[in-house]
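The values are calculated or read from the model by the stated rules, or taken from the named source; none is laboratory data. In this text the structure is predicted, and so the values were computed from the model without any measurement. Glycine gets a Cβ as well: all are built from the backbone with ideal geometry, and neighbour counts include every protein chain shown. Side chains included, ligands, DNA and RNA excluded: accessible areas come from the protein's heavy atoms. Shrake-Rupley method; radii C 1.70, N 1.55, O 1.52, S 1.80 Å.
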Amino acid sequence: MDIAFRRLSDIPLDDITAHMSDPRVAAHMPLLSGDWSDRQSAELVAAKEETWRRDGLGHWAFVVDGVYAGWGGFQREGEEWDFGLVLRPDRFGLGPRIARACLDAAARDPRIPFVTFLLPPSRNHIAALARLGAREVDSVEYGGAAFRKFRLDTPETRA
């Protein structure tokens, strides 16, 4: 299985729109509401490209065996780097493998002493975060929605 990291701007908007329109995706994204359109996909891509320009790091599109599987990566929030992963439902099982590859990249980046994760309360299965070594540190509100905040120190800060 070949997993490639691409820029979101390399993915056709209709692929992103179909992905983000799936109710199984929206179930765990409290900030996602209403019908998703190509215009919203274009805005998402532009916003994620801006993080690359501003911070030198951002979100990737994940392409598995030549097929778009979802997007995710890092976004700077103040002094923290937040990690997010949004996969197509038929690719949910690849989450641990893709997340590990992303977190390995973070561990090699001297700008990232730790990574945060914001999970909505609807995400009950958090054992994978615990296996990675992440710990719950707070509850936060972001964009009017509640999230559980987790922190994972990169290997350099754990040593």
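Quick notes on this structure:
- Helical contribution to [θ] at 222 nm, DSSP H n ≥ 4, -39,500 (n - 2.57), averaged over the chain, rounded to 500: -9500 deg cm²/dmol
- Solvent exposure of the chain, expressed per residue, is 54 Å² of accessible area, with all protein chains present and a 1.4 angstrom probe.
- Cα gyration tensor, the range 1-125 - rounded (a/c under 1.5), prolate or oblate: rounded
- Where MET29, MET20 fall by accessible area, highest first, once all protein chains stay in place (1.4 Å): MET29, MET20
- Karplus 3J(HN,Hα) series, Hz, for the range 47-59 with 6.51 cos²θ - 1.76 cosθ + 1.60 (x for Gly, Pro): 5, 6, 5, 5, 5, 5, 5, 6, 10, x, 7, x, 9
- Per-residue packing, averaged as other Cβ atoms within 10 Å, sorts the ranges 139-145, 126-132, 13-19 into the order 13-19, 126-132, 139-145, beginning with the highest.
- The heavy atoms of ARG151 present about 70 square angstrom of accessible area, all protein chains included, probe 1.4 Å.
- Apportionment of accessible area to carbon and sulfur, the chain, percent (1.4 Å): 51 percent
- If you run the Gaussian network model on the chain, springs between alpha carbon atoms under 10 Å, then out of SER37, SER122, SER21 the most flexible one is SER122.
- VAL137 accessible area, assembled protein chains, probe 1.4 Å, Å²: 70 Å²
- Projected label points at ASP104 and MET1, each 7 Å from Cα along the beta carbon direction, are separated by 1.4 nanometres.
- Remark: the range 82-96, residue by residue, has Karplus-estimated 3J(HN,Hα) of 8, 10, x, 9, 10, 9, 5, x, 6, 10, 3, x, 7, x, x Hz, where x stands for each Gly or Pro and the curve is 6.51 cos²θ - 1.76 cosθ + 1.60 at θ = phi - 60°.
- ASP22/THR51 FRET efficiency (R0 22 Å; Cβ-Cβ; nearest 0.05): 0.40
- Charge dipole (debye, nearest 20) of the chain; +1 at Cβ of Lys and Arg, -1 at Cβ of Asp and Glu: 480 debye
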